[in-house]
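Encoded as C-alpha cells, the structure appears first; notes follow it.
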Amino acid sequence: MNKFINPFSDYGWKAIFGSEVSKDLIISFLNEVLQHEVIVDITFRNVEMLGLKQDQRRAVFDIFCENEKGEVFICEMQKSRQKYFSDRVLYYASFAIQQQSMIVKEKLDKEPEAIRKRWNYHISKVYVVCVLNYIMDPSRPDKYRWDIVRMDRQLKVPFSETLNEIYLEMPKFVLPLQQCDTLYKKWLFILNNIEIMERLPEELNNQIFRKLKSIVEVERMTVDQRLEYELSLSVERDLSAALDTSFEDGMEKGIEKGMERGKVEEQRQIAANLKKQGINIETIAQCTGLSVEEINEL
C-alpha cells in the first residue's frame, strides 16, 4: 500500500476537506482557488438538501459550507467523466440559492407585522469549486482552470457574479514542484502527487501541508479508518470494472451486429446477381439463406 491515501477517493476527499478537524485546510484551499476572496471562518452545512417540493430530487454535495458573510461554498470532486456534469452542477447550485430565499422569508415572518418587509431577492454569493480527476476539454491541453459566471456576450463582462463556478482539470496541471511559486499551485501539485510521495518535500513543509500529511498518512489511521478506506477503494474499483465490462460487452455486441449486417448485405448482393442470371428463386434461397419474399423484392 502507498504511504499516503488517495485524495481523489471519496474517503480521502472528505477526510481532507470535510470535517471540523480539517476546517483550516478547506479555508486555505478555497482562499487560494478563489484568489480574490478571503474566508475567515466557515460553518459546515448538511450535505444533503431537499428541493422546494417534497417530490423534487435531493442534492447531495461532497462539501457544503458557509462563511461568516453568509456566502455559500460547494466543493465537489469528480473522478470520471459524466454526461451533463456542468448541468448537474447548475441544478445542484440552484438548491443553495433557493434555500437562501426560504431562510430569509422565515426570518421576515418572525418580524412584527408593522415592520415586516418583503424579500427583495438579494442573494449571497454561491461558489461551486469542482475538482475534476479527468480531462473535460481535450481541445485545450494548456487550459486546466475554468471560471464561469453569467456574462454579457457582447461586452464580455460579468452580468452577475451571484453564482460562480470554477472547474479544475487536474490531469492538465503538470507543473513540476520547482515551478509552483504560489500556495495555489502548491495545493494543486500536492493533491495530484501526494498519493505517490514517499515523504513531504521541503518546498511543501509548512503548517497547512504538514497537517494534510498527518491526515492522509496511512500509518496514522486507526484499524477502522483503514478498513473504511479500503472498502471505499474496493467499491470504486468494482464500479469502474462493472462500467468497463458493460462498455466491452456493448462493443462486442455492436461488432457482432455489424458483422451480421455485413453478412446479410453480402448475401443480398449475391442473390441479386444470381437473380439477374435467371437462376431459380428457390435455388437462390437455398444457397443464400434468404427468404423467397426477400429475393423477390431485390
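The values are calculated or read from the model by the stated rules, or taken from the named source; none is laboratory data. These numbers come from a predicted model, not from an experiment. Cβ placement follows ideal geometry from the backbone for every residue including glycine, while neighbour counts extend to all protein chains displayed. To get the accessible areas, we keep the full protein, side chains included, count just its heavy atoms, and leave off ligands, DNA and RNA. Shrake-Rupley method; radii C 1.70, N 1.55, O 1.52, S 1.80 Å.
Below are the figures for this structure:
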{"quantity": "Test: residue in region 223-230 that is in contact with a strand residue (DSSP E or B) (Cβ under 7 Å, 6 or more places away or on another chain), surrounded by 19 or more Cβ atoms within 10 Å (Cβ to Cβ) and closer than 22 Å to residue 75 by Cα", "calculated": "no"}
{"quantity": "Condition broken by residue 84, with the remaining ones in (1) without any contact (Cβ under 8 Å) to a residue 24 or more places away in the chain; (2) surrounded by 14 or more Cβ atoms within 10 Å (Cβ to Cβ); (3) of a type in the set (Phe, Trp, Tyr) satisfied", "calculated": "(2)"}
{"quantity": "Options 293, 265; residue that is open to solvent by 70 Å² or more (accessible area, probe 1.4 Å), modelled with pLDDT of 80 or more and part of a helix (DSSP H, G or I)", "calculated": "293"}
